[in-house]
Amino acid sequence: MLFVAAGSPATVFALAPLATAARNAGHQVVMAANDDMVPYITSSGLPGIATTGLPIRHFITTDRAGRPETIPTDPVEQALFTGRWFSRMAASSLPDMLEFCRAWRPDLIVGGTMSYVAPLLALHLGVPHVRQSWDAIEADGIHPGADAELRPELAGFGLERLPEPDLFVDICPPSLRPAGAAEAQPMRYVPANAQRRLEPWMLARGERRRVLVTSGSRVAKESYDKNFDFLRGLAKDVASWDVELIVAAPDEVAGVLREGLPGARVGWVPLDLVAPTCDLLVHHAGGVSTLTGLNAGVPQLLVPKGAVLEKPALRVADYGAAITLLPGADSAGAIADACQELLSEDGYGDRARELSREIAAMPAPASVVATLAQLA
C-alpha cells in the first residue's frame, strides 16, 4: 500500500495512523511526500520516499512556467487556487513516482484530501485509489481547480476531471460533516504528531488555567509566512493574562518567539499529550490542530487564516465547542473577550467533550485496514 501525503507535516500526521495500522497488520507500506517532509514520515516509524524535491512554497508562489503567483483574496477563487497549486505539486511529482511505482508495484494507493498525484498514479497503474481526509475541511470548492490545472495529465486518459476515489475514508466527526457530504467509510481521528522527550509539565496542569496558542507545524520566520506574525501577535496578547501560556511552534522559530514572553513555554510540544491538559486552545483553525483539540475535548478559539478554513471552523462554533472569529472580527479585544467567555462558560467544554466521545466511537484505523485489503 502506497500512502501519499503532501508538503506539510500535518498531511503526514493525518495519514500516519492508517498507514501504521496497515503495516502492523502485515502489509507492505511506503509513504510518500515532498522531500523535506520525509523526516516526518521516518520519525513516525514508516518507510518514506520523496514525491518531489521542491518544497510546498514553490508551488504556492510559482506557476508551471515559473511565473510568480499571488493568492487571491476572493474566497471562491482562493479555493480554486488551492486546487491549482496542489495539482502543480502533483504534476511535478508524477514522473518520479511513476518510476518508483513501476518498480515497487503497489496494489493500492491511499492519498490525502488534496494529494492529487495519488489518483493520477492509480490511473497509470490500474490500481484502486482511496482518498483519506486530512481533516474536516470541505474540498468541493478546491477539486475543480485541480481538474483545470491537470488537463494535460488527464487528456491522455480522455478525462476532463479526476475520477472519484474507489473509497473515501473520512475522519470528520459525523456531527460536523457538511450537508450533502459524499458517502464515506468513517474512521476515528487519532493524533499523530512528532514527539520529543517528555517533561513532567506536559502531562499535568499547574494551578493556573493553561492556554495553548499555535499556528500549526509549518510556521517559518520568512517574509511570505503570515502565520508567524499571527502567532507572535497572538502569543503576546495572551501573555498579559493570568494564565499558563504554551506556544506550540517548530523549534526553528522558538527562539524568536520566546523574546518578550517571559515565563511562557515555547517550542515544539507533543500536542496529542499536551492538549488534554489545557483549558483552551487558540489557533489558526488548521484542520489537524482543530481535530486534536476536539479529540481532547478542549474548547477552542478558532481564527481562520485562509478562506478554506472558515466553513469547518464555523461548524465547530455552531456546534458550541468553539468560538470562531473571521477576518475583520479578530481584533486583540475580540480575541480577549472570546477567550474569557470560553474559559468562564462551561457549555463550550461540555460540547467539546461530546465531540470527543463521538470521535472515540468511530471505527479505529485498524478496523479500516481490512476494508483496504478487500479493495486491493
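Rounded to the nearest 0.05, the FRET efficiency derived from the C-beta distance between residue 259 and residue 373 at R0 = 51 Å is 0.50. What percent of all Cα-Cα pairs in the chain falls into each 10 Å bin, going from 0 up to the bin containing the maximum distance? Distribution as computed: 5, 24, 34, 25, 10, 2, 0 percent.
Using the alpha-carbon positions of segment 1-156, Rg (one decimal) and Dmax (whole number) come out as 14.9, 47 Å. With 0.36 nm allotted per residue and the present C-alpha distance subtracted, the residue 104-residue 229 stretch has 40.7 nm of extension available. In a GNM of the chain with a 10 Å cut-off on Cα contacts, which of 136, 361, 285 has the highest mean-square fluctuation? In the Gaussian network model the winner is 361.
A simple charge model with +1 on the Cβ of Lys and Arg, -1 on the Cβ of Asp and Glu and nothing else charged puts the dipole of the chain at about 720 debye relative to its Cα centre. In segment 165-305, the C-alpha radius of gyration followed by the widest Cα-Cα span (Dmax) gives 16.1, 52 angstrom.
As a fraction of the 1.4 Å probe accessible area of segment 1-147, surface on carbon and sulfur atoms comes out at 52 percent. Please give the helix 332-344 orientation as an angle from the longest Cα principal axis of the chain, in degrees from 0 to 90, rounded to the nearest 10. The helix 332-344 is inclined about 80 degrees to the chain. When restricted to Cα atoms, segment 288-356 yields an Rg and a Dmax of 11.3, 30 Å, respectively.
Below 8 Å, C-alpha to C-alpha, sequence gap of six or more: please give me the relative contact order for the chain in percent.
This gives 15 percent for the chain.
Taking loop as defined by DSSP and a crowding limit of 13 other beta carbons within 10 Å, which GluC sites (Glu not before Pro) in segment 225-277 fit?
Qualifying residues, ordered by number: 259.
Can you list the equivalent-ellipsoid semi-axes of segment 61-118, largest first and in whole Å, using the square root of 5 times each Cα gyration tensor eigenvalue?
28, 14, 5
Among 193, 34, 24, determine the one that fluctuates most according to a GNM of the chain built with springs between C-alpha atoms less than 10 Å apart. Answer for the Gaussian network model of the chain: 24.
Solvent-accessible area assigned to carbon and sulfur over segment 248-376 amounts to 50 percent, based on a 1.4 Å probe. Counting only protein heavy atoms and a 1.4 Å probe, the chain has 42 square angstrom of accessible area per residue. Across segment 122-176, the volume of the C-alpha convex hull divided among the residues equals 87 Å³ per residue. All other residues whose Cβ lies under 12 angstrom from that of residue 189 are scored, Lys and Arg at +1 and Asp and Glu at -1, for a net of -3.
The values are calculated or read from the model by the stated rules, or taken from the named source; none is laboratory data. Predicted model only: the values in this text are computed from it and were never measured. Cβ sites come from the backbone with ideal geometry, for glycine too, and all protein chains shown count toward neighbours. Surface areas here come from the heavy atoms of the whole protein model, side chains and all, with no ligands, DNA or RNA. Shrake-Rupley method; radii C 1.70, N 1.55, O 1.52, S 1.80 Å.
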